[in-house]
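Novice: Sharing a structure, written as structure tokens. Questions coming.
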Amino acid sequence: MFKRVSASILCIDYNNKEALIKAVEDVENARANFIHFDVMDGKFVERKTFDHNLVNFVKAHTCLMLDVHLMVENPESVVGDYIKAGADIISFHYEATKDAKALLKKIKDKNILAGIAINPKTPAYKIKDIVESGLADVVLVMGVEPGNYGQTFIPGSAEKVAEIHELNRNVYIEIDGGVNVKNSKLLRKVGADILVSSSTIFNAKNMRKTVRALKGNDYGEQIAKFFKKHN
Ligand code: DX5
Ligand code: ZN
């Protein structure tokens, strides 16, 4: 598997449509693979951000894949809206739901990648059963407490990525929060497949170089390995 980058629009002025379209174009030009949407409801986390209408809007302006991260209570009640909005990955929090397996199944049945997200305080063993069941296509490991961009990476999160990688090698691991070029090397090494970033990408002097560095400077080798394996 070669590494992908998911650009979170959280740190831009996403209510300003011109700024949003420009940000989308910038990350497309910089060769990011996904646009990451941090949906917050003011209950699961203090902050409130946006809903499926923003996903709808962005969908009309890009061909990049849309990666929705629901930081909401009762995700069951909103998942349908994001399915309709055209999300390609929908992740919800393990801590926010009673029947994670049923919700993963509901998402997968629509041919959308289904993801389970875990907070820094939730140990990997709590989702062992879910990860081993194969119902989750994606596990989103938080590298910071959910709620804001620009926070410092919590080091134990890299170990958690490694633990999940051991539980199921077929699951895509997304690491989200506090990711930068420096720590990305270790994160790729321990098994992260999708590196999410907001501030590292949008504050970059050279966005394309930064996205490439997050994917790993051995990207050519990664691709060669990938095709060898699949031939
Ligand atoms: C945090 C969000 C992250 C955030 C990452 O609650 O889930 O996706 O946007 O921001 P950075 O990359 O700045 O830590
Ligand atoms: Zn996120």
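The values are calculated or read from the model by the stated rules, or taken from the named source; none is laboratory data. Everything numeric in this text was worked out from a predicted model, so none of it was measured. Don't worry about glycine lacking a Cβ; one is built from the backbone with ideal geometry, like all the others, and counts go over all protein chains shown. Ligands, DNA and RNA are stripped out before the accessible areas are found, and what is left, the full protein with its side chains, is counted by its heavy atoms. Shrake-Rupley method; radii C 1.70, N 1.55, O 1.52, S 1.80 Å.
Novice: Inspect all residues belonging to segment 167-182 and state whether any of them is of a type in the set (A, V, I, L, M), open to solvent by 10 Å² or more (accessible area, probe 1.4 Å), without any contact (Cβ under 8 Å) to a residue 60 or more places away in the chain and within 16 Å of ligand 2 (Cβ to nearest atom).
Specialist: no
Novice: Then there is this: Mind checking which residues of segment 17-37 are open to solvent by 10 Å² or more (accessible area, probe 1.4 Å) and not in a loop (DSSP other than H, G, I, E, B)?
Specialist: K17, E18, A19, I21, K22, E25, D26, E28, N29, F34
Novice: Looking at segment 35-46, I want the residues that are farther than 15 Å from G177 by Cα and have a partner that is near ligand 2 (Cβ under 9 Å from one of its atoms) and open to solvent by 10 Å² or more (accessible area, probe 1.4 Å) with Cβ atoms under 8 Å, at least 6 apart or on another chain. Which pairs are those?
Specialist: Qualifying pairs under 8 Å: F44/P146.
Novice: Next question, about the same structure. If you take the residues of segment 64-79 that are of a type outside the set (A, V, I, L, M) and in contact (Cβ under 8 Å) with a residue 12 or more places away in the chain, which of them is farthest from ligand 1 (Cβ to nearest atom)?
Specialist: Looking at the filtered set, the residue picked out is E76.
Novice: What's the total number of residues in segment 79-100 that are under 22 Å from V141 (Cβ atoms) and open to solvent by less than 70 Å² (accessible area, probe 1.4 Å)?
Specialist: The qualifying residues number 14.
Novice: Just need a number here: residues in segment 1-16 that are within 13 Å of ligand 1 (Cβ to nearest atom) and part of a strand (DSSP E or B).
Specialist: 4
Novice: Yes or no: E95 of a type in the set (D, E, K, R) and within 14 Å of ligand 1 (Cβ to nearest atom)?
Specialist: When the stated conditions are applied, E95 passes them.
Novice: Let me ask another. Taking the condition open to solvent by 10 Å² or more (accessible area, probe 1.4 Å) and either under 16 Å from the mean Cα position of the chain (by Cα) or within 30 Å of R208 (Cβ to Cβ) (or both), does N56 pass?
Specialist: So N56 passes the test.
Novice: Restricting to segment 147-161, count the residues that are more than 14 Å from S198 (Cβ to Cβ) and either buried (at least 19 other Cβ atoms within 10 Å of the Cβ) or within 12 Å of ligand 1 (Cβ to nearest atom) (or both).
Specialist: The qualifying residues number 5.
Novice: Look at segment 101-119 and say how many of its residues are touching a Leu at 6+ places or on another chain (Cβ under 6 Å) and either among the aliphatic types (A, V, I, L, M) or open to solvent by less than 20 Å² (accessible area, probe 1.4 Å) (or both).
Specialist: Number of matching residues: 4.
Novice: Right, here's the next one. What's the number of the only condition in (1) in contact with an Asp or Glu (Cβ under 9 Å, 6 or more places away or on another chain); (2) under 17 Å from L103 (Cβ atoms); (3) not in a strand (DSSP E or B) that K84 fails to meet?
Specialist: Failed condition: (1).
Novice: Hey, another quick one. Can you pull out the residues in segment 38-49 that are open to solvent by less than 20 Å² (accessible area, probe 1.4 Å) and more than 12 Å from ligand 1 (Cβ to nearest atom)?
Specialist: Matches in segment 38-49: none.
Novice: Taking the condition of being away from ligand 2 (no atom under 13 Å from the Cβ) and in contact with a strand residue (DSSP E or B) (Cβ under 8 Å, 6 or more places away or on another chain), how many residues in segment 121-138 meet it?
Specialist: 8
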